[in-house]
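We did not get these values from a lab; they are worked out from the coordinates using the rules stated. No experiment lies behind these values; they were computed from the predicted model shown. Glycine also receives a Cβ, built like all others from the backbone with ideal geometry; neighbour counts cover every protein chain displayed.
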Amino acid sequence: MCLFFLRSGQVRFSCFEIQRGNILLTTTEKSAPATALDGYRPIPFVALRLLGTAGISVYCLREQDPKPELLCNLRQPLDEKQIAEIKSHDYVSLLVLKQDFPTVSQKLHAIVDSTLADTSISIEVRFALLQIAYAEELDRHFCKARLEQYVVLAQKVGKKISALLQQGEVSILELHFHAHHNSANYTHVTNVAAYAVILAQALNPSTPEELDRIAVGCLLHEVGKLYLPQSVLTKKGRLSARDHQELESIPQLAYEALLEFEEIDFGQLMMAYQQHERVDGTGYPVRYLAEDIHPWAKLLAVVDVFDAMTNDRDYRSAMNMRDVLVHLADRSKTHFAPEVVLCMITNFQSP
């Protein structure tokens, strides 16, 4: 197994201020995460200590280098002196080969509970480690034949995400910096669950149980896609009327599939069913108005779009966060609940 270091490209956006109706959007300059190279998956620096496996080749990649350079061959786990020396180079993240990622996921899965309990590691980094630990399991069970197992897994992982994010105030910007960003199912559903829990805590007084249920609902919201062909979901270029019709059936398909599970409550069902409704009544599948859309579905609609637009997809590249926030602000009061959009923007303004 090989590890690669990536020195961040340090994509940056400057301070900006946008007036959209009653929403004032202001952020300070912040580094955005480097996009992972094709064929690789990032892992946090702290994983060096946690993996500690012999036989790993470590490479470094600097901005000026055309390809990774060998840093060292690990015949034994790194000692603290070696780790300190590597850390002194100020690399932003580690990369592992994509084919080695399942091994990394399994190793972190074996120690996930002790890792999540380690308060010496920031909440944002522990979230990234949780994503990796459950990546293979979440994606392996995300299929029609294993839906029952996926629902059970969603209950487990959702509660862990919720519990972690209740340990302190978390910036979505900082979480986004550390989180995974690719087209895999595990990244989208875990990112959305984390963002939703952060905003839910800020919007209304919520019990730990309610936050758990919101996180679980986020992990289940993509289930309807299991009932459509991949050719429709990943189609590039202009969609046909038939394609649109199939895509707009996803909420109904998700609702029908999840209705079979007694452990899924009404709010979670509505998250799956109403995620594409718009507060002005122009959404689907029913064209509900704002007052008829469940609060959790309104929350999901915002974080779902935010994560989708800030990630690469098969049919388009990721947008920068500034443009995505502008997109949300522009559509506040028409597509999205204004109180949720304002909460998201306020979180970005937090120091």
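State the number of residues belonging to segment 128-145 that are farther than 28 Å from A254 by Cα and either free of Cβ contacts under 8 Å to residues at least 12 places away in the same chain or more than 14 Å from the chain's Cα centre (by Cα) (or both). Before you say what the answer is, go through the steps one by one.
Taking segment 128-145 as the starting set, the residues that turn out to be farther than 28 Å from A254 by Cα are 129.
Now drop any that are not either free of Cβ contacts under 8 Å to residues at least 12 places away in the same chain or more than 14 Å from the chain's Cα centre (by Cα) (or both), which leaves none.
Of the residues in segment 128-145, 0 are farther than 28 Å from A254 by Cα and either free of Cβ contacts under 8 Å to residues at least 12 places away in the same chain or more than 14 Å from the chain's Cα centre (by Cα) (or both).
Each row is one residue, and each column tells you yes or no for (1) of a type in the set (K, R); (2) under 20 Å from A200 (Cα atoms).
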residue: Q252; (1), (2): no, no
residue: Q275; (1), (2): no, yes
residue: K298; (1), (2): yes, yes
residue: L328; (1), (2): no, yes
residue: K333; (1), (2): yes, yes
Exercise. Of the conditions (1) closer than 18 Å to S183 by Cα; (2) surrounded by fewer than 14 Cβ atoms within 10 Å (Cβ to Cβ); (3) in contact (Cβ under 8 Å) with a residue 12 or more places away in the chain, K98 fails just one. Which one is it?
Worked result: (2)
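If I filter segment 208-226 for residues that are charged (D, E, K, R), part of a helix (DSSP H, G or I), closer than 26 Å to Q166 by Cα and touching a Ser or Thr at 6+ places or on another chain (Cβ under 6 Å), do I get at least one hit?
At the first step, the residues of segment 208-226 found to be charged (D, E, K, R) are 209-210, 212-213, 222, 225.
Filter once more, so that each one left must be part of a helix (DSSP H, G or I): 209-210, 212-213, 225.
After this cut, where a residue has to be closer than 26 Å to Q166 by Cα as well, the list is 209-210, 212-213.
With touching a Ser or Thr at 6+ places or on another chain (Cβ under 6 Å) added as a condition, the list becomes 212.
Taking every residue of segment 208-226 in turn, at least one turns out to be charged (D, E, K, R), part of a helix (DSSP H, G or I), closer than 26 Å to Q166 by Cα and touching a Ser or Thr at 6+ places or on another chain (Cβ under 6 Å).
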For this session: Would you mind stating whether V157 is touching a Cys at 6+ places or on another chain (Cβ under 6 Å), in contact (Cβ under 8 Å) with a residue 24 or more places away in the chain and within 24 Å of Q230 (Cβ to Cβ)?
Result: no
Seminar exercise, completed: Subset of segment 273-294, residues surrounded by fewer than 14 Cβ atoms within 10 Å (Cβ to Cβ) and either in contact with a strand residue (DSSP E or B) (Cβ under 7 Å, 6 or more places away or on another chain) or of a type in the set (K, R) (or both), comes to R287
For this session: Look through V125, V170 and report the one residue that is in contact (Cβ under 8 Å) with a residue 24 or more places away in the chain, out of contact with any Cys (no Cβ under 6 Å at 6 or more places or on another chain) and either within 19 Å of H188 (Cβ to Cβ) or not β-branched (V, I, T) (or both).
Result: V170
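Please verify whether T103 is more than 20 Å from Y195 (Cα to Cα), hydroxyl-bearing (S, T, Y) and not in a loop (DSSP other than H, G, I, E, B), treating the condition exactly as stated.
Working: more than 20 Å from Y195 (Cα to Cα): yes; hydroxyl-bearing (S, T, Y): yes; not in a loop (DSSP other than H, G, I, E, B): yes.
The answer is yes for T103.
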For this session: Looking only at segment 206-216, decide whether some residue is surrounded by 24 or more Cβ atoms within 10 Å (Cβ to Cβ) and closer than 15 Å to Y273 by Cα.
Result: yes
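Residue-by-condition table, conditions (1) surrounded by fewer than 22 Cβ atoms within 10 Å (Cβ to Cβ); (2) assigned to a loop (DSSP other than H, G, I, E, B):
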residue: E148; (1), (2): yes, no
residue: L153; (1), (2): yes, no
residue: K156; (1), (2): yes, no
residue: I161; (1), (2): no, no
residue: Q167; (1), (2): yes, yes
residue: L173; (1), (2): yes, no
residue: F177; (1), (2): yes, no
residue: H181; (1), (2): yes, yes
residue: A196; (1), (2): no, no
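Pick out, from segment 241-351, the helices (runs of 4 or more DSSP H) lying fully within it that include 2 or more residues that are in contact (Cβ under 8 Å) with a residue 60 or more places away in the chain.
On the way: elements: 241-247, 250-258, 266-274, 295-309, 321-330, 338-349.
Hits in segment 241-351: 250-258, 295-309, 321-330, 338-349.
Tally up the residues in segment 285-304 that are in contact with a helix residue (DSSP H, G or I) (Cβ under 7 Å, 6 or more places away or on another chain) and within 27 Å of Q230 (Cβ to Cβ), please.
Taking segment 285-304 and keeping what is in contact with a helix residue (DSSP H, G or I) (Cβ under 7 Å, 6 or more places away or on another chain), we get 285, 288, 293-294, 296-300, 302-304.
Within this subset, residues satisfying the condition of being within 27 Å of Q230 (Cβ to Cβ) are 285, 297, 300, 302-304.
Going through segment 285-304 one residue at a time, the tally reaches 6.
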For this session: Output the residue which, of all residues in segment 136-146 that are assigned to a helix (DSSP H, G or I) and of a type in the set (A, V, I, L, M, F, W, C), is surrounded by the most Cβ atoms within 10 Å (Cβ to Cβ).
Result: L138
